[in-house]
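These notes are about the structure you will find just below.
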Ligand SMILES: Cc1ncc(C[n+]2csc(CCOP(=O)(O)OP(=O)(O)O)c2C)c(N)n1
């Protein structure tokens, strides 16, 4: 069976760069990852109660990528994502109550209760939209980047995509177009090695995705997607390139999803991936490795971490209560936002 091993080196050699960062930023990165994990675990715990009227794609295991990349964006920058939306939406500043209302198909849903988990949007936070069509958000982000460029804005448009999205023709076309027009755009490719239950090696010839992207004329790098600081650093360089007119960037973040492709729980027992592989990646859990690193360098301790978990648990409990107390959409609004001629 094919195995995708973790090939990074953790936080080895990162001490100096960490010391150069404001301590408040270092702990905010931890807090934001913990918050996403707690929200995701609570969604997972409640999913079988069948109150949520939506498929879900949990981001547990991939939090360093969501948080690290979004840490380099401002609220005004635009972010798009594919079906695995929760991490990007939350890290960009999306409203949790709006997200949970959306997932329960109640009024106050962030997409007007019409989209569910795969169509989260929060314009106030620059979370510009998500698409369930693999690769579908990518050309839309390019359109936004083109518009920003034509208007002389210094904002950037970024898009999260999975490894499977690189198999969609439109993603090649978009890389080509973005390079040609030097768009202020960032492709964040979260390479977790699987498309549902198909490993990368059964779908693509052996190659590094960032090298493939580079062949389109887009500045490309590969980063350890379990390392929140590495993700942030790569994103900062890409944002700087985009804002200064240097054109698009492609970042391949190698990481792992700890749960099933969709739904609650793990689906590894169906045999498409090796449990040993999952266990190896669990040893580099992005939250634990970062916390260990912060505590080694005296920047966080158990008490602070526990307080972060407590605060997130309280927030998510309140938000669930709000969503469940919200009424269903009204029949009279059925055709609002629906276009027909
Ligand atoms: C165009 C298209 N083809 C197939 C699907 C079915 N589908 C939904 S998610 C998914 C896997 C996507 O894998 P990847 O892009 O690597 O993201 P990940 O789920 O690993 O985060 C597939 C094939 C789809 N939604 N859209």
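Would you mind telling me which residue in 92, 149, 314 has the biggest mean-square fluctuation in a Gaussian network model of the chain, where springs connect alpha carbons within a distance under 10 angstrom?
The residue that fluctuates most here is 314.
Could you give the length gained on full extension between residue 325 and residue 295, defined as 0.36 nm per residue of separation minus the Cα-Cα distance, in nm?
So the extension gain works out to 6.8 nm.
Considering only C-alpha atoms, what is the centroid distance from the stretch 134-172 to the stretch 290-341, in Å?
27 Å
Measure of size requested: the Rg and Dmax of the stretch 22-322, with Cα atoms as the atom set and Å as the unit; please supply both.
Final numbers for Rg and Dmax: 18.2, 52 Å.
Report the dimensions of the stretch 53-194 along its three principal axes from the alpha-carbon atoms, largest first, rounded to Å.
43, 34, 26
Given the options 262, 82, 109, which has the most mean-square fluctuation in a GNM of the chain, springs set between C-alpha atoms less than 10 angstrom apart?
In this elastic network of the chain, the residue with the biggest mean-square fluctuation among 262, 82, 109 is 262.
I need the fraction of alpha carbon pairs in the stretch 208-341 separated by more than 28 Å, rounded to a whole percent.
Roughly 51 percent, once rounded to a whole number.
Given a 10 angstrom Cα cut-off, can you work out which residue in 37, 257, 203 is the most mobile in a GNM of the chain?
203
Quick one: which of 113-120, 304-311 comes out on top by average Cβ neighbours within 10 Å, and what's the full order, highest first?
113-120, 304-311
Of the beta bridges DSSP finds with both residues in the chain, what % are antiparallel, to the nearest 5?
Within the chain, antiparallel bridges account for around 10 percent of the total.
Only helical DSSP H runs with n ≥ 4 go in: add -39500 (n - 2.57) per run for the chain, normalise by residue count and round the 222 nm mean residue ellipticity to 500 deg cm²/dmol.
After summing the helix terms and dividing by the residues of the chain, the value is -13000 deg cm²/dmol.
Taking 0.36 nm per intervening residue step and subtracting the Cα-Cα distance, what contour gain separates residue 173 from residue 17 on full extension?
52.5 nm
At a Förster distance of 22 Å, what's the computed FRET efficiency of residue 107 paired with residue 45, Cβ-Cβ distance as r, to 0.05?
So the FRET efficiency works out to roughly 0.35.
For residue 317 and residue 207 in one chain, what is 0.36 nm times their gap in residues minus the Cα-Cα distance, to one decimal in nm?
Extra length from residue 317 to residue 207 when fully extended: 35.2 nm.
We did not get these values from a lab; they are worked out from the coordinates using the rules stated. In this text the structure is predicted, and so the values were computed from the model without any measurement. Neighbour counts are summed over all protein chains in view; Cβ atoms, including those assigned to glycine, are modelled from backbone coordinates with ideal geometry.
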